[in-house]
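The values are calculated or read from the model by the stated rules, or taken from the named source; none is laboratory data. What you are looking at is a predicted structure, and each value in this text was computed from that prediction instead of being measured. For neighbour counting, all protein chains shown are included, and Cβ atoms are generated from backbone atoms with ideal geometry for every residue, glycine included. The accessibility values were calculated without ligands, DNA or RNA, using every heavy atom of the protein model including side chains. Shrake-Rupley method; radii C 1.70, N 1.55, O 1.52, S 1.80 Å.
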Amino acid sequence: MAKEPVRVLVTGAAGQIGYALVPMIARGLMLGPDQPVILHMLDIPPAAEALNGVKMELIDAAFPLLKGVVATTDVVEACTGVNIAVMVGGFPRKEGMERKDVMSKNVSIYKAQASALEKHAAANCKVLVVANPANTNALILKEFAPSIPEKNITCLTRLDHNRALGQVSERLNVQVSDVKNVIIWGNHSSSQYPDVNHATVKTPSGEKPVRELVKDDAWLNGEFITTVQQRGAAIIKARKLSSALSAASSACDHIRDWVLGTPEGTWVSMGVYSDGSYNVPAGLIYSFPVTCRNGEWTIVQGLGIDAFSRKKLDATAAELSEEKALAYSCLS
């Protein structure tokens with residue numbers, strides 16, 4: 001029997017990430033090759049014409065799984081009945097702007113969108129926040145959509161996770177699919193901590209720890225970390241535009257694993273609501289290693305944290321606590 005279509009909202013859908021993301025969803029890369037979808041696309045009124053162009057292209061691509069397209073500048077229409085919401089739209093930081101200015105713009109955007117999701121989304125709607133500051137935008141959304149369970153509100157650190165996998169695979173000249181269990185801890189910002197201490201690589205003689213194969217702790221504790229932390233800036237420098245293709249692809253990965261489950265023995269990084277695991281303050285949206293099953297994520301427990309890692313985990317938590325305080329000051 002054919003499956004019922006799933007309604008997927010993409011905000012900021014006329015932007016670069018949205019333009020890369022919607023065909024991936026329509027092609028089945030997010031929810032699987034047999035799951036029909038209805039796309040809900042939201043953008044701001046100045047982008048209405050561009051949004052309509054994206055809708056025309058989706059129709060022209062004749063995706064078999066795409067059972068309908070809603071393209072709108074009305075947040076209520078966009079949020080009505082959605083099962084999955086990918087929040088790509090946000091206010092970008094512009095030259096000369098203070099963090100507080102960006103934060104206050106995003107607080108008002110996320111407050112409005114949270115209220116619409118709260119009132120109009122389907123029960124048990126899953127939310128992924130992509131727009132920066134992603135962790136704190138997700139926290140604001142959680143605040144103003146109290147009926148959406150906190151476990152259903154996440155932010156994207158899968159892009160950083162995938163970047164870390166890519167760096168290890170390049171360094172060791174192995175297939176990226178043979179590398180697993182890197183971790184991104186903390187904030188989707190340059191304070192994040194890409195951690196390979198528990199990561200392994202599949203070799204002809206079985207799985208081997210990344211550290212053992214790389215044999216260069218100075219690189220793993222230095223250049224590797226900064227490369228992953230600064231990769232977004234490096235792409236802007238090279239493309240003169242921010243990363244869109246990789247962000248869209250990792251958003252698909254994040255939702256796919258969340259909904260369909262992670263492979264046995266493999267974990268991924270997701271920004272989720274902290275319960276105090278690993279001595280991370282509860283009440284922050286913080287990136288942890290997680291496994292997913294039956295549409296639920298679970299933080300991987302019991303991993304050893306050395307002194308070097310502890311400092312990194314605490315530093316990114318401190319930045320998130322500051323961001324949280326800044327965001328809440330914008331609410332008053």
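Observations on the model:
- Overall, the ratio between the Cα radius of gyration of segment 108-174 and 2.2 N^0.38 Å, rounded to two decimals, is 1.43.
- For Ser269, net neighbour charge (Lys/Arg +1, Asp/Glu -1) across residues whose Cβ lies under 12 Å away: -1
- When the alpha carbon coordinates of segment 178-332 are projected onto the principal axes, the ranges are 59, 40, 35 Å, largest first.
- Estimated at the nearest 10 Å², the accessible area of Asp306 is 70 Å² with a 1.4 Å probe.
- Largest accessible area first, the listed residues Phe63, Phe308, Phe144 line up as Phe308, Phe144, Phe63 when surface is computed with a 1.4 Å probe on the assembled protein chains.
- As a rough guide to protection, the peptides 311-318, 257-264, 232-239 ranked by mean Cβ packing within 10 Å, highest first, stand as 311-318, 257-264, 232-239.
- Once the chain from Lys67 to Ala318 is taken as fully extended at 0.36 nm per residue, the excess over their C-alpha distance is 85.9 nm.
- Quarter of Cα convex hull surface for segment 1-154, i.e. mean projection, nm²: 9.0 nm²
- Listed residues Gly283, Trp267, Val196: farthest to the positive end of the dipole of the chain (Cβ charges): Val196
- Modelled spin labels at Gln175 and Ala282, positioned 7 Å past Cα toward Cβ, are 4.4 nm from each other.
- Placing dummy labels 7 Å off each Cα toward the beta-carbon, the span from Thr203 to Ser242 is 3.9 nm.
- Of interest is the spacing of the C-alpha centroids, which for segment 178-212 and segment 23-93 amounts to 33 Å.
- Charge dipole of segment 209-252 (Cα centre as origin; +1 on each Lys and Arg Cβ, -1 on each Asp and Glu Cβ, all else neutral): 340 debye, rounded to the nearest 20.
- The orientation-averaged projected area of the convex hull spanned by the Cα atoms of segment 276-327 comes to 4.2 nm².
- FRET efficiency for Ser332 and Met97, using Cβ-Cβ distance with R0 set to 25 Å, rounded to 0.05: 0.75
- Only protein heavy atoms count here; on that basis, with a 1.4 Å probe, Asp195 has an accessible area of about 0 Å².
- Here the convex hull built on the C-alpha positions of the chain has a volume of 146 cubic angstrom per residue.
- Given +1 at the Cβ of Lys and Arg, -1 at the Cβ of Asp and Glu and no other charges, the dipole of segment 16-144 around its Cα centre is 360 debye to the nearest 20.
- Protein accessible area in segment 193-322, 1.4 Å probe - carbon and sulfur %: 54 percent
- Rolling a 1.4 Å probe across the protein heavy atoms gives segment 210-332 an accessible surface of 48 Å² per residue.
- Summing charges over all other residues whose Cβ lies under 10 Å from the Cβ of Arg99, with Lys and Arg as +1 and Asp and Glu as -1, gives -2.
- Taking the Cα centre of the chain as origin and assigning +1 to Lys and Arg Cβ atoms and -1 to Asp and Glu Cβ atoms, the resulting dipole is close to 200 debye.
- Segment 211-253 shape via C-alpha gyration tensor axes, a/c threshold 1.5: oblate
- For segment 153-230, chymotrypsin sites (Phe, Trp or Tyr not before Pro) meeting the loop criterion (DSSP other than H, G, I, E, B) and having at most 15 other Cβ atoms within 10 Å: none.
- Mean separation of Cα contacts under 8 Å, 6 or more apart, over the residue count of the chain: relative contact order %: 17 percent
- Ordering Met1, Met103 by accessible surface, largest first, gives Met1, Met103; the 1.4 Å probe counts only protein heavy atoms, with every chain in place.
- With R₀ set to 22 Å, the beta-carbon distance separating Lys111 from Glu77 gives a calculated FRET efficiency near 0.75.
- Once backbone amide H atoms are built at 1.01 Å from N, Gly81 has Ala121, Ala122 as its partners under 5 Å, excluding neighbours fewer than 5 places away on the same chain.
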